[in-house]
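*Asks:* Here it is: the structure, laid out below.
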Amino acid sequence: MAKGIAVSKKRVAILISGRGSNMEALIAAAAQESYPAQIALVLSNRPGAPGLRRAAAAGIATEIVDPTLYGNDRERFERALQTKLEAYRIDLVCLAGFMRLLSPSFVGQWHGRMLNIHPALLPAFKGLDTHARALAAGVKIHGATVHMVVPEVDCGPILAQAAVAVREGDTADTLAARVLEAEHRIYPAALKFLAEGRVRVVDGRCRIDGRADADGLLFVPNI
Ligand code: GRF
């Protein structure tokens, strides 16, 4: 980016419920001057989420929207969420371990502007406990997916995926650790493409303008 030219960065909110390691990866990426987005807000639905402390330590504004204060009424909770996002003039939303289901009307307000990261190669292993289920199924290749959020959980156009080779002695924890490493790389990359305005959805598939196709084959076991 040329010095002296003010380029407006997309304002991003990261929604968390827990430890926030993907959030930290996004914050670290956005700290680079050339990154096209800034993390304007970290918002948690859980007051005790460890990620809140981590975000505050990084100098990022934090907010809590606790659904129990709204009698677990989803509509009121989401209205409060939307009010916060508007107050911070948010352009893009990244779900990062956010453990609340969002209604179709809320999702619709962020159509094409809300991403999620899922610890599996979608459409395989939607839902929870993906690593244990991948091991139980005996897959040789597992991974992570960044996708646009649509009303159906763990669906939506896929922006980026990372493949991870499953090892003979893997447990759910060892596999999760390697997938998480991959997550920390693809989420910042995917957000960058979206923030740069390079992502188009054509027939339900994401096209990323100006990116060469990746090559390389992953064989498991090695052949
Ligand atoms: C990650 O595995 C992510 O893929 C899933 O929830 C987990 C969140 O971990 N959606 P963290 O809070 O980012 O460390």
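*Asks:* Among Ala96, Ala57, Ala212, which one shows the highest mean-square fluctuation when the chain is modelled as a Gaussian network with alpha-carbon springs under 10 Å?
*Replies:* Highest fluctuation among the options: Ala212.
*Asks:* What dipole magnitude, in Debye to the nearest 20, does segment 8-110 give about its Cα centre under +1 on Lys/Arg Cβ and -1 on Asp/Glu Cβ?
*Replies:* Working: 13 positive and 9 negative charges, 20 e Å.
Charge dipole of segment 8-110: 100 debye, to the nearest 20.
*Asks:* Provide the convex hull volume over Cα atoms per residue for the chain, in Å³.
*Replies:* Working: hull volume 31.7 nm³, N = 223.
So the per-residue Cα hull volume is 142 Å³.
*Asks:* Using the Cα centre as the reference, give the magnitude of the dipole from point charges on the C-beta atoms of the chain (Lys, Arg: +1; Asp, Glu: -1; all else neutral), rounded to the nearest 20 debye. Write out the running numbers ahead of the final one.
*Replies:* Working: 27 positive and 22 negative charges, 91 e Å.
Charge dipole, the chain, about its Cα centre: 440 debye, nearest 20.
*Asks:* Report, in whole Å, the centroid distance computed from the Cα atoms of segment 177-210 and segment 69-128.
*Replies:* 18
*Asks:* Next question, about the same structure. Based on the alpha-carbon set only, what is the convex hull volume of segment 173-223 divided per residue, in Å³?
*Replies:* Given the Cα convex hull of segment 173-223, per-residue volume reads 125 Å³.
*Asks:* Restricting the count to DSSP beta bridges whose residues both fall in the chain, what percent are antiparallel, rounded to a multiple of 5?
*Replies:* Details: 15 of 32 bridges.
Here the share of antiparallel DSSP bridges comes out near 45 percent.
*Asks:* In segment 185-223, which trypsin sites (Lys or Arg not before Pro) fall in coil by DSSP and have 12 or fewer other Cβ atoms within 10 Å? Mind dumping the intermediate values first?
*Replies:* On the way: sites: Arg185, Lys192, Arg198, Arg200, Arg205, Arg207, Arg211; in loops: Arg198, Arg211.
When the trypsin sites (Lys or Arg not before Pro) of segment 185-223 are filtered for loop state and at most 12 Cβ neighbours within 10 Å, Arg211 remain.
Where a number appears in this text, it was derived from the coordinates with a stated rule and is not lab data. Just so you know, these numbers come straight off a predicted model, no measurement behind them. Glycine also receives a Cβ, built like all others from the backbone with ideal geometry; neighbour counts cover every protein chain displayed.
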